[in-house]
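Engineer: Sending over a structure as C-alpha cells; questions will come in a sec.
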Amino acid sequence: MPALPYPAASESLRELGRRLFFERRLSFNNAMSCAICHVPEEGFGTHTSRTAVGLEGHLLPRNAPTLLNIAWRPRLFHDGRESSLADQAWLPLLNPLEMGNPSISHVLEMLGADPEYQKAFQAIFGSKQPTMSQVGEALQAFERSLVAAGSRFDLWKYRGQASALTPVERTGFDLFQGKALCSSCHVVGKDDAVFTDDRYHVTGAFLREASPAAAGSSSDEMATSPVEIELAAFVQAVRSDLGRYEITMDPADRYAFRTASLRNVELTAPYMHDGSLLTLEAVVEYYDRGGDAVPNKSPLIRPLHLTAEERAALVAFLKTLSSPAAAALPTRLRAIP
Amino acid sequence: MKTLKQCFTAAATAAMLVTGLGQPAVADETCNSPYMSRLIKGQEQFLHVWTLGVKGMGDGSDKLVTVDSDPKSKTYGKVIHSLSVGGRGEAHHVGFSDDRKFIWAGRLDDSKIFIIDVGTDPAKPKVVKTITDFAAKTGYVGPHTYYAMPGRMLIQALSNTKDHSGVSGLAMYSNAGELIETYPMPKDQADIGGGDGYAYDIAINARKNVLLTSSFTGWTNYMMDFSKVLADPAAMKNFGNTMVIWDLKAMKPKKVLDVPGAPLEIRWNLAEGQDWAITSTALTSKLWLVKEDAKGEWQAKDVGNIGDPSKVPFPVDISINADGKGLWVNTFSDGTARFYDMTNPEKPKQVYEKVIGKQLNMVSQSWDGKRVYFTSSIFSLWDKKGADDEQFLKAYDWDGKELTKKFELDFYALKLGRAHHMKFSAKSDVASSDASLLTSRR
C-alpha cells in the first residue's frame with residue numbers, strides 16, 4: 001500500500017485511543033463501545049447482522065464497515081460525508097441511534113472523572129481534563145494503527161513471489177482486471193493497490209424491504225425462515241437509503257455509495273452498504289448478472305457472462321487479499337489489560 | 001471458596017430433605033428455585049410485574065408495578081404501587097432471593113440489576129441496591145435468569161461484552177450483591193459433546209446433582225427488531241441449539257444435549273421417580289423432554305409440536321403444575337395459552353387452548369393451579385407493532401376445563417409500559433414457611 005501522509009502517532013496516544021475504542025462507558029447507557037459494532041474478530045465490522053444494531057436496539061440503516069486500513073480513506077462513511085477520523089469519532093458518540101450521549105461535556109466529564117483516564121490525558125496532553133479534539137485525536141491515532149496489508153496478493157504482485165498465488169487465483173486476478181471490469185472501480189496500481197477509487201457509484205445492490213418476503217428475493221441466499229404472512233404484525237416501515245445523494249442532493253448521486261476497498265474482504269461479510277449480500281459468491285453472482293434494475297446504475301454494472309469456473313476464480317482471487325495482520329490484531333489488542 | 005462449598009453443602013442438605021420427606025414434587029407459584037423459602041400455598045396478595053418503560057409514555061422508566069391480587073381486598077385487581085427504577089434498559093426477568101425478601105430485577109440492555117426489598121412491605125417495594133458493574137466485572141451482558149441458591153444468587157446471562165453474541169455464562173453473587181464467581185457456558189468442548197456457548201435459563205434438580213441450562217441468543221438479536229432478525233440470515237444463524245447438564249456440586253458442565261431451535265424456559269418435575277425436565281424451543285415450536293435413559297445417561301427427546309410449527313407460533317413461557325401433571329405453554333404470535341396433560345411426559349397432550357390477546361409471553365400460576373396470570377411483552381423490539389401491540393396483565397381462574405377472566409389491566413392505558421415477568425408476594429403471616437418449600441421446583 002502507498003506510504004501514509006501522516007507522521008506516526010506516539011505509542012501512548014495510540015494506547016489511549018485503544019482504551020477509548022473498547023470503552024463501554026463511552027455510550028449513554030454503558031452498553032456500547034466502538035468495538036461492539038467494529039468487532040476486531042469480525043474484521044472490525046459486524047458479521048452477526050446485516051446492518052449494525054445501536055443504542056437500545058436502534059437498527060442502523062447501514063452495515064458497519066471495516067476499520068482496517070481506514071488511514072488510507074480520504075472520505076469516510078458509505079456516503080463520504082466526513083473526512084477526518086478525529087472529527088468522525090464524535091458522530092457515533094453523539095448519535096442517539098449509536099452511543100447516544102446527550103452532550104460533548106457529558107462524555108468529557110465522564111473521562112475527566114476517571115483516575116486512569118486522568119493519568120493518561122495528563123501524561124500526553126499535560127492536563128487531566130480531556131478536550132473534544134484530544135479524544136478525537138486519540139481515537140484517530142488508534143484507528144490509523146489498524147494496518148493490514150502484506151497479503152498473498154501483495155507478495156505475488158509487488159514482491160515478485162510467483163508461487164504466492166495459485167493458477168486459479170491468477171486467473172481470477174486477470175478477470176478482475178479484464179473481462180469482469182472490477183478494477184475500473186476497485187483500483188489496482190502499478191506499485192501498490194488500495195482496491196478503491198474512493199468515488200461513488202450506483203451498483204444497485206440494496207434490499208427492497210417493503211416486507212421480509214420481498215427482502216428475501218433480492219438474493220437466493222436469503223430465503224431462510226419459514227415465516228411469511230404471520231409476520232405482518234411485526235414489521236416496521238423502512239425508508240430508502242439514497243446514499244451520496246443524502247449529502248449532495250444532486251439527483252445524479254441517488255443510490256450512489258463509496259467504492260469499498262476489497263482488502264481483507266473475506267473478513268468483512270455481509271457485503272455492500274446494507275449487508276444485503278451475504279457471501280463473496282453472492283457478490284460475484286450479483287455483478288455477473290449485471291445487477292438489479294435501479295435508476296442511475298453505473299454503465300460498468302452490466303451482464304458479464306462469466307462461466308461458473310470464472311466466478312469461482314474471481315472469488316478465489318478476492319480471498320488472496322487477506323492480511324496475516326488482520327488475523328493477529330484482535331488477540332494483540334485484547335491482550336493489553 | 002469456603003463459602004461456595006458451604007453453599008453446596010446446603011444444597012445437598014436440601015436434596016436429602018426432599019428425598020427423606022418424599023414430598024410431592026414440584027410446585028409452581030411459578031418458577032421458583034428449590035432453595036427458596038416461604039412459598040405461598042394460599043392466596044397470593046400481591047403481584048409484582050417487572051415492566052418495560054416506553055419512551056414518551058408516562059415517565060418512560062422501567063418499573064416494578066404492584067397489583068393487589070387478593071379478591072377479598074377493596075383494591076383487588078388495581079395497581080397499588082409503581083416503583084420507577086430510572087431509565088430504560090430492557091427490563092426482563094426477576095427472581096426472589098432464597099429468603100424471599102428481595103426481588104432481583106434485571107435489564108438485558110444495560111445489564112443493571114436492581115435488588116428490591118419486597119419483604120419489609122410487599123405493598124411498597126423499595127430498591128435497596130443497584131448493581132451497575134455486572135458487565136464490567138463478569139464480561140457477560142444481559143443478566144437473564146435469577147436463581148436463588150442458599151445465601152447466593154445464581155445468574156445466567158445471555159451475551160457478552162466482547163461481541164454481543166450469544167456466548168455467555170453464569171455468575172454467582174452473594175445475597176449482598178457481591179460477585180463471587182463466574183462459569184462460562186461450554187463451547188466446542190469435544191469431551192462433553194461440544195457446546196455453542198449460548199445461555200438462557202437455569203433449573204436445578206438437587207437430588208440428581210444436576211443443574212440444567214438452555215440457550216437463546218445474544219444482544220445483537222434480542223435488541224434487534226424481530227421482523228429484521230427473521231429476515232436477516234446473518235442474524236438467524238445466531239441462536240442456541242443446546243442444553244447443558246452440569247454437575248451441580250462441582251459447577252462443571254458434564255454433557256451437552258442437542259436441542260435445536262432455541263430451548264428457553266426449563267421446568268422440572270421433581271416428584272419421586274419422575275425427575276424429568278421439560279422445555280420448549282422458540283424457533284422450532286416443539287416440546288423437549290430431558291430425562292435419564294435406562295443406563296442413567298441424561299438424554300433430550302423431541303416429544304411433540306406446539307401448534308403448527310410452520311405458522312411460527314413461537315412458544316415462550318411455560319408453567320408446570322404443582323403435581324407435575326399439567327403444563328401451560330404460551331405461544332407469542334397467536335397470543336394463545338395452551339394446556340398440556342403431562343401424565344405421560346413422553347407424550348404431552350394438548351387438552352385446552354384459549355386466545356388471551358394479540359400477543360402473549362409470560363404465565364404464572366398459584367400453587368394450587370386455580371389462578372393463572374398472563375402478561376404480554378417479550379422484548380421491546382420483538383413485541384408486535386401498532387394495534388397488535390397490546391400490553392396487559394390478565395388474571396383468570398382455572399377449573400381444569402376453562403379459564404374464566406377475573407380482571408384485566410391495560411398497561412398502555414395506565415401509562416405503565418410493557419408488562420413482563422410476574423412474581424407473587426404476601427404479608428408474612430400468610431406465606432407458608434415450612435420445610436416442604438424445599439420440594440418446590442426451580
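The values are calculated or read from the model by the stated rules, or taken from the named source; none is laboratory data. Bear in mind that the values here come from a model prediction, so they are computed numbers and not experimental data. Here Cβ is always computed from backbone atoms with ideal geometry, including for glycine, and neighbour counts include all displayed protein chains.
Engineer: What's the number of the only condition in (1) assigned to a loop (DSSP other than H, G, I, E, B); (2) at pLDDT 95 or above; (3) closer than 26 Å to B:Leu211 by Cα that B:Gly77 fails to meet?
Structural biologist: Every condition holds for B:Gly77 apart from (3).
Engineer: Looking at B:Trp382, is it within 14 Å of another protein chain (Cβ to nearest Cβ) and of a type outside the set (Val, Ile, Thr)?
Structural biologist: Here the answer is yes, as B:Trp382 does meet what is asked.
Engineer: Could you go through segment B:75-94 and let me know if any residue there is closer than 27 Å to B:Ile266 by Cα, away from chain A (no Cβ under 12 Å) and among the charged types (D, E, K, R).
Structural biologist: Checked segment B:75-94: no residue is closer than 27 Å to B:Ile266 by Cα, away from chain A (no Cβ under 12 Å) and among the charged types (D, E, K, R).
Engineer: Here's a follow-up. The conditions are (1) touching a residue at least 24 places away in the same chain (Cβ under 8 Å); (2) more than 16 Å from B:Ser215 (Cβ to Cβ), and B:Asp293 fails exactly one of them. Which is it?
Structural biologist: (1)
Engineer: Residue by residue through segment B:182-218, note down the ones that are within 18 Å of B:Ala148 (Cα to Cα) and of a type in the set (Phe, Trp, Tyr).
Structural biologist: B:Tyr183, B:Tyr200
This table checks each residue for (1) in contact (Cβ under 8 Å) with a residue 60 or more places away in the chain; (2) outside any strand (DSSP E or B); (3) of a type in the set (Lys, Arg).
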site	(1), (2), (3)
B:Asp302	no, no, no
B:Val316	yes, no, no
B:Gly324	yes, yes, no
B:Val329	no, no, no
B:Gln350	no, no, no
B:Ser380	yes, yes, no
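Engineer: Please enumerate the residues belonging to segment A:53-65 that are more than 9 Å from chain B (Cβ to nearest Cβ) and either in contact with a helix residue (DSSP H, G or I) (Cβ under 7 Å, 6 or more places away or on another chain) or of a type in the set (D, E, K, R) (or both).
Structural biologist: Within segment A:53-65, A:Arg62, A:Ala64 meet the criteria.
Engineer: Next question. Tell me the helices (runs of 4 or more DSSP H) entirely within segment B:206-246 that contain at least 3 residues that are at pLDDT 95 or above.
Structural biologist: Once the helices (runs of 4 or more DSSP H) in segment B:206-246 are filtered for at least 3 residues that are at pLDDT 95 or above, what remains is B:219-222.
Engineer: Run down A:Phe153, A:Phe176 and say which single residue is farther than 12 Å from A:Thr320 by Cα and either more than 25 Å from the chain's Cα centre (by Cα) or not polar (S, T, N, Q) (or both).
Structural biologist: A:Phe176
Engineer: Here's a follow-up. Mind listing just one residue for me: the one in segment B:331-348 that is assigned to a strand (DSSP E or B) and closer than 22 Å to B:Leu270 by Cβ and, of those, farthest from the other protein chains (Cβ to nearest Cβ)?
Structural biologist: B:Asp341
Engineer: I'm told B:Ser61 meets every condition in (1) more than 14 Å from chain A (Cβ to nearest Cβ); (2) modelled with pLDDT of 95 or more except one. Can you identify the failing condition by its number?
Structural biologist: B:Ser61 satisfies all of (1) more than 14 Å from chain A (Cβ to nearest Cβ); (2) modelled with pLDDT of 95 or more except (1).
Engineer: Is it fair to say A:Leu181 is in contact with a helix residue (DSSP H, G or I) (Cβ under 9 Å, 6 or more places away or on another chain) and in the same structural domain as A:Arg263 (by TED's automatic domain parsing)?
Structural biologist: Considered against the rule, which asks whether it is in contact with a helix residue (DSSP H, G or I) (Cβ under 9 Å, 6 or more places away or on another chain) and in the same structural domain as A:Arg263 (by TED's automatic domain parsing), A:Leu181 comes out as yes.
Engineer: Please indicate, with yes or no, whether at least one residue in segment A:164-178 is among the hydroxyl-bearing types (Ser, Thr, Tyr), closer than 19 Å to A:Thr259 by Cβ and in a helix (DSSP H, G or I).
Structural biologist: Taking every residue of segment A:164-178 in turn, none turns out to be among the hydroxyl-bearing types (Ser, Thr, Tyr), closer than 19 Å to A:Thr259 by Cβ and in a helix (DSSP H, G or I).
Engineer: List the number of the failed condition for A:Met132; all other conditions in (1) touching a residue at least 60 places away in the same chain (Cβ under 8 Å); (2) surrounded by fewer than 20 Cβ atoms within 10 Å (Cβ to Cβ); (3) touching a helix residue (DSSP H, G or I) at 6+ places or on another chain (Cβ under 7 Å) hold.
Structural biologist: With (1) touching a residue at least 60 places away in the same chain (Cβ under 8 Å); (2) surrounded by fewer than 20 Cβ atoms within 10 Å (Cβ to Cβ); (3) touching a helix residue (DSSP H, G or I) at 6+ places or on another chain (Cβ under 7 Å) applied to A:Met132, the lone miss is (1).
Engineer: Being at pLDDT 95 or above and not β-branched (Val, Ile, Thr) narrows it down to one residue among B:Trp268, B:Trp288; which is it?
Structural biologist: Only one candidate qualifies: B:Trp288.
Engineer: While we're on this one: Say whether the condition of being within 14 Å of chain A (Cβ to nearest Cβ), surrounded by fewer than 18 Cβ atoms within 10 Å (Cβ to Cβ), closer than 30 Å to B:Leu83 by Cα and not aromatic (Phe, Trp, Tyr) is met by at least one residue in segment B:137-160.
Structural biologist: yes
Engineer: With the requirement that a residue be of a type in the set (Gly, Ala, Ser) and within 20 Å of B:Gly87 (Cα to Cα), what does segment A:78-104 give you?
Structural biologist: Listed by number, the residues that qualify are A:Gly100, A:Ser103.
Engineer: Turning to a different aspect of this structure: Where residues in segment A:262-287 are out of contact with any Pro (no Cβ under 9 Å at 6 or more places or on another chain) and in a loop (DSSP other than H, G, I, E, B), which of them is farthest from the other protein chains (Cβ to nearest Cβ)?
Structural biologist: A:Arg263
Engineer: Out of (1) assigned by TED's automatic domain parsing to the domain that holds A:Gln88; (2) surrounded by fewer than 17 Cβ atoms within 10 Å (Cβ to Cβ); (3) of a type in the set (Val, Ile, Thr), the odd one out for A:Val168 is which?
Structural biologist: (1)
Engineer: Only residues that are more than 20 Å from B:Phe239 (Cα to Cα) and among the aliphatic types (A, V, I, L, M): list them for segment B:299-351, please.
Structural biologist: Answer for segment B:299-351, where residues must be more than 20 Å from B:Phe239 (Cα to Cα) and among the aliphatic types (A, V, I, L, M): B:Val303, B:Ile320, B:Ala322, B:Leu327, B:Val329, B:Ala337, B:Met342, B:Val351.
Engineer: Restricted to segment A:288-318, and to residues that are crowded, with 17+ Cβ neighbours inside 10 Å and in contact with a Lys or Arg (Cβ under 9 Å, 6 or more places away or on another chain), which residue is modelled with the lowest pLDDT?
Structural biologist: A:Gly291
Engineer: Can I ask one more? Which count do you get for residues in segment B:352-365 that are touching a Phe, Trp or Tyr at 6+ places or on another chain (Cβ under 9 Å) and part of a loop (DSSP other than H, G, I, E, B)?
Structural biologist: Number satisfying all stated conditions: 6.
Engineer: Turning to a different aspect of this structure: Could you identify the single residue in B:Gly197, B:Gly261, B:Gly193, B:Gly218 that is farther than 26 Å from B:Val363 by Cα, touching a strand residue (DSSP E or B) at 6+ places or on another chain (Cβ under 6 Å) and within 14 Å of chain A (Cβ to nearest Cβ)? Spell out the reasoning first.
Structural biologist: Working: B:Gly261 fails: farther than 26 Å from B:Val363 by Cα; B:Gly193 fails: within 14 Å of chain A (Cβ to nearest Cβ); B:Gly218 fails: farther than 26 Å from B:Val363 by Cα.
Criteria check complete, one pass: B:Gly197.
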